[in-house]
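*Asks:* Pasting a structure below so you can have a look.
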Amino acid sequence: MTQLQHISMNHLSFECQSCGHAPLVPVTEMIERYGGDTTVDHVRAKARCSSCGQKTFEFRIVYRGGSYDALIGAANTKMNGTV
């Protein structure tokens, strides 16, 4: 499970399946709200559309920067050699 602190330079995309509202939320905002140790799955489970209130989303992590930066930002601790 990906912790927010490992993808802090990126965004989360939530596309509401009911009304189509599709905000792009900086991960830093989610870290301020939930903390860096929180997982992406936890944020997704808590999410609710700010337009219609539904909880059914198409969800994505949107990586910023070059492909190398995206890979490093998404690396888990095993890949970083700190098992």
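The values are calculated or read from the model by the stated rules, or taken from the named source; none is laboratory data. Keep in mind it's a predicted model, so treat the numbers as computed, not measured. A quick note on method: Cβ atoms are made from the backbone with ideal geometry, for glycine too, and the neighbour counts reach across all protein chains shown.
*Asks:* For ARG44, all conditions in the list (1) assigned to a loop (DSSP other than H, G, I, E, B); (2) closer than 16 Å to THR2 by Cβ hold save one; what is the number of the exception?
*Replies:* Going through the list (1) assigned to a loop (DSSP other than H, G, I, E, B); (2) closer than 16 Å to THR2 by Cβ, ARG44 breaks only (1).
*Asks:* Among what's in the stretch 46-70 and is surrounded by 12 or more Cβ atoms within 10 Å (Cβ to Cβ) and modelled with pLDDT under 60, pick the residue that is farthest from GLY20 (Cα to Cα).
*Replies:* ASP69
*Asks:* What pairs can you find where one residue is in the stretch 11-33 and in a strand (DSSP E or B), the other is among the charged types (D, E, K, R) and loosely packed, with under 12 Cβ neighbours inside 10 Å, and their Cβ atoms are less than 7 Å apart, with a gap of 6+ or different chains?
*Replies:* From the stretch 11-33, the pairs are GLU15/GLU58.
*Asks:* Which of the residues belonging to the stretch 7-28 are in contact with a helix residue (DSSP H, G or I) (Cβ under 7 Å, 6 or more places away or on another chain) and surrounded by 16 or more Cβ atoms within 10 Å (Cβ to Cβ)?
*Replies:* Let us first name the residues in the stretch 7-28 that are in contact with a helix residue (DSSP H, G or I) (Cβ under 7 Å, 6 or more places away or on another chain), namely 7-12, 27.
The answer is ILE7, ASN10, HIS11, LEU12, VAL27.
*Asks:* Can I ask one more? Between a residue in the stretch 52-71 that is outside any loop (DSSP other than H, G, I, E, B) and any residue that is of a type in the set (S, T, N, Q) and at pLDDT below 85, which pairs come within a Cβ distance under 6 Å, given they are 6 or more apart or on different chains?
*Replies:* none
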